[in-house]
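Have a look at the structure below before the remarks.
Values quoted throughout were computed directly from the atomic coordinates according to the rules given, and no laboratory measurement underlies them. Quick caveat, the model's predicted, so the values are computed rather than measured. When we count neighbours, we look across all protein chains shown, and the Cβ atoms used for this are built from the backbone with ideal geometry, even at glycine.
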Amino acid sequence: MGNGDPVSCLYQGVVLHRRLRPVKHLFRYNVFSLFLDIDELGSLHKRLRLFSHNRFNLFSFWNKDHGPATGQELRPYVDHILQSGGMDLKDTKVFLLCYPRIMGYVFNPLAIYYVYDCDAKLRAVIYEVTNTFGERHSYLFSISWDDEQKKVIRHRCDKAFYVSPFISQQSSYDFRLMVPGTRLSVVICQSEYSQPVLNASFTATQDELSDRKLAVMFFKYPLMTAKIILAIHWQAFRLWRKGVTFLRHTVAPKQALTITTSHKDNAE
């Protein structure tokens, strides 16, 4: 653990959403996420009593909760995405930041694949966005050697499919992340018609992935994943009550992947 080679672990922290317009709206929740080596899921299943892979447990990870939702192994799926983006990386390690199923349920609004090369340098990220209609879209970004050395890595792209009923399709994402280590930070600044509309973030600290820690997480964050989906609908209701225009669901694009090499200069 720490800031050396990445390992499967936990991250405990805070999710914060700050709506900037047309009304101000703020909420935050304490959560934890798993940071999993996707090639290690089978061994984690054997090592941990409270965690299972593709099987019910107190905590579990199911392949069908990610990627094409077919239940296929994630490694071929990620490799296909990287190849689609023209990235010929050898001997990569891929870690997925996501919520686990807790008592069989999970909803991941955002999961992130971190792709490392054979020297443990971050070379790509895939942001996997899922909406409450069960639709999913991924955004692939490459990371240069120079970017990897920066304190904060920034990526920008246009919004590709329907997520929130309170933000139009005419919007864009500005992703800002730190290379995971003892601390983790992911910030998404969303603009609508070129005007800042929403800042969302997850800031967290690293912890070991063990049965003891999982037991602590279960009682510290009881039924966390069920609360996440309830919180999404509760906050949507509050925005509607504040008079924010409700936008109807639009059909997701047939192409479930956006490939971009857009970077933003960063002096941080």
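Return the calculated 222 nm mean residue ellipticity for the chain, to the nearest 500 deg cm²/dmol, obtained by summing -39500 (n - 2.57) across DSSP H runs with n ≥ 4 and dividing by the residue count.
Details: 5 runs with 50 residues, N = 268.
That comes out to -5500 deg cm²/dmol.
Where the centroid of each part is defined by its Cα atoms, how far is segment 19-92 from segment 175-204 in Å?
19
Leaving out same-chain residues fewer than 8 places away, which aspartates and glutamates sit with a Cα under 14 Å from that of Lys151?
Lys151 reaches Asp265, Glu268.
Hey, can you rank 16-28, 66-78, 244-256, 160-172 by average C-beta count inside 10 Å, highest first? Could the numbers behind the result be given before it?
Numbers: 16-28: 14.4, 66-78: 16.0, 244-256: 11.5, 160-172: 17.5.
Taking the mean over residues of other Cβ atoms within 10 Å, the ranking is 160-172, 66-78, 16-28, 244-256.
Placing +1 at every Lys and Arg Cβ and -1 at every Asp and Glu Cβ, with all other atoms neutral, what dipole size does the chain have around its Cα centre, in debye to the nearest 20?
Numbers: 34 positive and 24 negative charges, 278 e Å.
Using only the charged Cβ atoms, the result is roughly 1340 debye.
Which value, in debye to the nearest 20, gives the size of the charge dipole of segment 1-113 about its Cα centre, when Lys and Arg are +1 and Asp and Glu are -1 at the Cβ? Could you put the intermediate results ahead of the total?
On the way: 14 positive and 9 negative charges, 152 e Å.
In debye, rounded to 20, segment 1-113 gives about 720.
Compute the separation of the alpha-carbon centres of segment 109-140 and segment 223-258 and state it in Å as a whole number.
Taking the Cα centre of each part, segment 109-140 and segment 223-258 sit 20 Å apart.
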